[in-house]
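Below: one structure, written as structure tokens.
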Amino acid sequence: MRVFKGVCVLLGFEPVKQMNNETQKREENWEIPAKKLLADIGFLKSLQNYEKDNMDAKKIDRIQPFITHENCTVAHLKGINAVASSLCAWVLAMDKYYRVSLVVKPKKESLAIAEKEYAELNSALNEKKENLRIVQERVARLQAQLKAAQDEKRQ
């Protein structure tokens with residue numbers, strides 16, 4: 001059930017609060033949202049198309065108790081249930097993706113700024129090259145005129 005809790009949290013499902021008759025306290029029931037997920041025809045597609053770039057720290061913090069449990073490993077679950085093992089791998093991958101993205105995101109932002117600056121400087125360079133080409137053509141024309149004038153004067 002821990003794996004399904006993690007999947008539910010990442011997909012935005014909340015547990016149902018129910019009264020426990022023994023303790024007389026309201027407790028979280030994850031079975032109802034887990035059953036809804038399993039009954040959903042598009043469940044697999046929702047995992048494949050999950051917007052992992054939009055995960056937030058709250059979701060990652062909420063799945064920590066599930067994924068840090070000693071029995072929440074792909075190897076442990078593989079012998080018990082292949083589906084649970086695969087879902088565990090997905091939850092662990094999303095957690096890892098989020099943590100890596102925290103490191104990569106500032107670098108991507110720096111890269112975008114550097115690429116924009118490069119494009120601006122490259123554009124300015126191309127403009128200067130064009131100006132230089134125009135000036136060089138003008139100098140060549142003037143030198144040709146000078147040579148022609150000097151040749152005419154000598155004759």
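Within the group 25, 5, which residue is surrounded by 12 or more Cβ atoms within 10 Å (Cβ to Cβ) and among the basic types (Lys, Arg)?
Details: 25 fails: surrounded by 12 or more Cβ atoms within 10 Å (Cβ to Cβ).
None of the others qualify; the one that does is 5.
Summed over segment 52-90, residues that are of a type in the set (Ser, Thr, Tyr) and under 14 Å from residue 4 (Cβ atoms) total 2. In segment 43-76, how many are outside any helix (DSSP H, G or I), at pLDDT below 90 and not charged (D, E, K, R)? So the count comes out to 5. The single condition among (1) assigned to a helix (DSSP H, G or I); (2) at pLDDT below 90; (3) surrounded by fewer than 17 Cβ atoms within 10 Å (Cβ to Cβ) that residue 102 does not satisfy is (2). Restricting attention to segment 63-82 and to residues that are exposed (fewer than 11 other Cβ atoms within 10 Å of the Cβ) and of a type in the set (Val, Ile, Thr), the residue that is nearest to the chain's Cα centre (by Cα) turns out to be 68.
The values are calculated or read from the model by the stated rules, or taken from the named source; none is laboratory data. Predicted model, so just to flag it, every value in this text is computed and none were measured. Methodologically, a virtual Cβ is constructed for each residue, glycine included, from the backbone with ideal geometry; neighbour enumeration extends over all protein chains shown.
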